[in-house]
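The values are calculated or read from the model by the stated rules, or taken from the named source; none is laboratory data. Since the model is a prediction, treat every value here as computed from it, not as a measurement. Cβ placement follows ideal geometry from the backbone for every residue including glycine, while neighbour counts extend to all protein chains displayed. Just the protein is used for accessible areas: all its heavy atoms, side chains included, with ligands, DNA and RNA removed. Shrake-Rupley method; radii C 1.70, N 1.55, O 1.52, S 1.80 Å.
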Amino acid sequence: AEMSAKIAKHAGEIALSYEIVDETLHRYSVALSPTEVYVVHSGDIGSWGADANIAKIVHDGKTLSRMHEIEGIVFDTSLAAYVLNPGVRTHEVADLLERYGDGSSLDVTSPESVVASTASQLFTLRTSLDQEMKSRGVEGLLYDLELPIAHLLAVMERRGVAVDSKKLAELLNFFESEVAAQTKIAHDSVGQE
């Protein structure tokens with residue numbers, strides 16, 4: 001409730017970082033600026049999370065969006081790093097700070113410090129990643145493709161999909177018989193299994 005009240009009075013973007021424990025939200029941090037940061041020890045996010053009018057900077061927002069309705073993500077540092085360097089498997093905040101940051105690093109003295117310093121650093125990362133994307137002419141990939149698709153996928157993953165189990169069983173039987181038939185053809189062509 002306190003965080004919701006602060007966000008309601010805030011004008012401008014916020015940065016949001018989080019910690020997941022056992023596939024649930026354990027704690028999160030909201031930065032109203034690089035120097036005004038709050039840590040919330042809760043798995044609940046206020047209605048501001050689903051408010052698309054509150055612009056949010058995140059790192060890997062899709063993971064959090066699977067658990068909670070998060071709207072209004074205007075920048076995702078993980079996706080921006082992927083657009084800039086798709087060959088790297090993971091894009092951790094600490095690595096991004098080393099490459100694109102201002103020389104600062106995460107405060108790793110406690111789990112609370114990590115989540116707070118991550119939220120604080122997202123402002124700097126957003127600026128430098130955005131500049132790098134513009135210099136390469138790839139910012140459209142983030143804003144027009146990656147962010148909308150990540151949001152759509154998160155909604156689908158949170159809601160799930162309906163499956164016609166009878167039709168799925170029919171497909172299973174069809175593909176099993178196809179595999180058996182093609183395997184027999186292959187064995188017959190070489191004269192042995």
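Quick check: the angle from helix 165-190's long axis to the longest principal axis of the chain, C-alpha only, nearest 10 degrees?
Once rounded, the angle reads 60 degrees.
Please give the net charge around Leu171, taking every other residue with its beta carbon less than 11 angstrom from that of Leu171, where Lys and Arg add +1 and Asp and Glu add -1.
In short, -2.
List the lysines whose Cα lies under 21 Å from the Cα of Lys56, skipping any in the same chain that are fewer than 8 positions away.
Cross-link targets: Lys6, Lys9, Lys134.
For segment 144-153, in order, what is each residue's ³J(HN,Hα) by Karplus, 6.51 cos²θ - 1.76 cosθ + 1.60 with θ = phi - 60°, in whole Hz (x at glycine and Pro)?
9, 10, 5, 4, x, 5, 4, 5, 4, 5
Could you please report the charge total around Ile54, scoring K, R as +1 and D, E as -1 over all other residues with beta-carbon less than 11 angstrom from its beta-carbon?
The answer is -2.
For the chain, set up a GNM with springs between Cα atoms under 10 Å and report which of Ala150, Ala15, Ala52 has the largest fluctuation.
Looking only at Ala150, Ala15, Ala52, the biggest GNM fluctuation is shown by Ala52.
Provide the solvent-accessible area of Ser165, counting protein heavy atoms only and rolling a 1.4 Å probe, rounded to the nearest 10 Å².
Estimated to the nearest 10 Å², Ser165 gives 90 Å².
Looking at the chain, send over the antiparallel percent of its DSSP beta bridges, to the nearest 5.
65 percent
If you add up the charges near Gly72, with Lys and Arg at +1 and Asp and Glu at -1, over every other residue whose beta carbon is less than 13 angstrom from its beta carbon, what do you get?
For residues surrounding Gly72, the net value is -4.
Let a ≥ b ≥ c be the square roots of the eigenvalues of the Cα gyration tensor of segment 104-155; is it rounded (a/c under 1.5), or, if not, prolate (a/b larger than b/c) or oblate?
oblate
Rounded to the nearest 20 debye, what is the charge dipole size of the chain about its Cα centre when +1 sits on each Lys and Arg Cβ and -1 on each Asp and Glu Cβ?
Dipole size: approximately 300 debye.
Once you keep just the Cα pairs under 8 angstrom separated by 6 or more residues, what percentage relative contact order results for the chain?
Taking the mean separation of contacting Cα pairs over the length of the chain, I get 20 percent.
Lysines within cross-link reach of Lys167: Cα-Cα under 28 Å, excluding same-chain residues under 8 positions apart?
By straight Cα distance, Lys167 reaches Lys184.
What's the whole-number percent of alpha carbon pairs in the chain lying beyond 31 angstrom?
Everything past 31 Å amounts to 31 percent.
Just to check I understand the Karplus step: with θ = phi - 60° and J = 6.51 cos²θ - 1.76 cosθ + 1.60, what whole-Hz values come out for segment 69-74, glycine and proline as x?
Karplus-based 3J(HN,Hα) across segment 69-74 equals 6, 10, 10, x, 6, 9 Hz.
What Kirkwood radius, in Å to one decimal, follows from the Cα pairs of segment 54-96?
By the Kirkwood definition, the hydrodynamic radius is 11.0 Å.
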